[in-house]
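The values are calculated or read from the model by the stated rules, or taken from the named source; none is laboratory data. Computed from a predicted model, the values in this text were never measured in an experiment. Cβ sites come from the backbone with ideal geometry, for glycine too, and all protein chains shown count toward neighbours. With ligands, DNA and RNA removed, areas are computed over all heavy atoms of the protein, side chains included. Shrake-Rupley method; radii C 1.70, N 1.55, O 1.52, S 1.80 Å.
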Amino acid sequence: MGDLLYHFTEWLRTTPLVELTLWLSDTSVSLWLQTHFWAIPILQCIHILSIASAFGSILMVSLRLFSLAGTERTMAETERRYIRWIWWSLVMLVVSGSLLVISEPIRDLINPVFWVKMVGVVLAILASLWFHGRVMRRLAAGGQAGPVIKTGAVLIIILWCLIMLGGRWIAYAPV
Amino acid sequence: MYPTPTNIWERIEFSSLGTTIAESTWMFPTLETLHVIALVSVLGTIFVVDLRMLGWTSNKFAVTAVAKDTLPWTWGAFVLAAITGGLLFISKASSYVGNPYFLWKMGMMALAGLNMMYFHFMTWRTVEHWDRDASMPVAVKVAAALSIVFWLAVVFFGRAIGFTLGIFGS
């Protein structure tokens, strides 16, 4: 695993990403974020709080699906309660995450763990579009949650845990 | 290999558990990851109740119902956060106790706990009078607002520790 990530980093160093990171780290936004000590910690706090509201909301919807919480509401009511929080938290995650990339471009963009995490993020967004689109429409129409939907709900939670794993390990990847 | 401990914090840090975590390449980051997953679950579920208590969300549903749905998960996640946090602490005990942000974080958690206890033992006694109301009594709103403020502060001070461990003490 370590070897694989090392070769991934070596490859990233041969891509145009290097010039992009150098350019990004010289932009006025990046310089401002780099030179204000509390800017990055505060952005990270916003990032963590956005995960909290996204993950908490996704957890409550999934628990309702398994009848482990919120059973006095219908599935549709539970979805209505949380869906806006899920999408707006995702927006906040992308905005705060992008600013974090701009503040430390090399640490993130020339980092194999960062790109693994990004694959996870894309998969999570696609899975959420499926879950909160087609699945929820079917459940609202009185359909039952079969094994595919239930497995999907569990996989989405696991995927988010892996994304958080990636997020933390960005700091420990050899760059 | 390790110097003789001169105080309780060094004794904790130089314990076999402490040095095992500190010397491992993967244990500290893995504990941090579990700590993050646990703390976002704590915050995500606590805020669901706080927002209901402020009268901003879930107003069609009783406060007791919202609390019953979330609190078992909040507590489960809190236990995981406390265990992983405790193990992280053991591996760098003397650095943490010398860090003002760590002390602030512990203080904020104590305040969050006191706020919760006051709410639970005092305000909660009249819950049947306002359980289903859309607009909550002032005491309930204050408890919810304080909970949000204290937990936001816990997150901020927690993150600040990671940026300042090298600045204070050894």
Of all helices (runs of 4 or more DSSP H) fully inside the range A:92-175, the set with 3 or more residues that are at pLDDT 95 or above is A:105-109, A:112-130, A:147-169
So which residues in the range A:23-40 are in a helix (DSSP H, G or I), within 14 Å of another protein chain (Cβ to nearest Cβ) and surrounded by fewer than 17 Cβ atoms within 10 Å (Cβ to Cβ), if there are any at all?
A:34, A:39
Can you give me the ranges of the helices (runs of 4 or more DSSP H) entirely in the range B:59-170 with at least 3 residues that are over 29 Å from residue A:81 (Cβ atoms)?
B:63-91, B:93-97, B:100-121, B:138-164
How many residues are facing chain A (nearest Cβ under 10 Å) and more than 19 Å from the chain's Cα centre (by Cα) when one looks only at the range B:18-40?
2
Taking residue A:52 and the conditions (1) in contact with a helix residue (DSSP H, G or I) (Cβ under 6 Å, 6 or more places away or on another chain); (2) more than 21 Å from residue A:146 (Cα to Cα); (3) open to solvent by 30 Å² or more (accessible area, probe 1.4 Å), which numbered condition does it fall short on, given that it satisfies the others?
(3)
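Let's see how each residue does on (1) within 20 Å of residue A:50 (Cβ to Cβ); (2) within 14 Å of another protein chain (Cβ to nearest Cβ):
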residue	(1), (2)
A:119	yes, no
A:123	yes, no
A:148	no, no
A:172	no, yes
Could you pull out the residue among B:14, B:78 that is more than 8 Å from chain A (Cβ to nearest Cβ), under 20 Å from the mean Cα position of the chain (by Cα), open to solvent by 40 Å² or more (accessible area, probe 1.4 Å) and of a type outside the set (Val, Ile, Thr)?
B:78
Determine, yes or no, whether residue B:19 is in contact with a helix residue (DSSP H, G or I) (Cβ under 9 Å, 6 or more places away or on another chain) and at pLDDT 95 or above.
yes
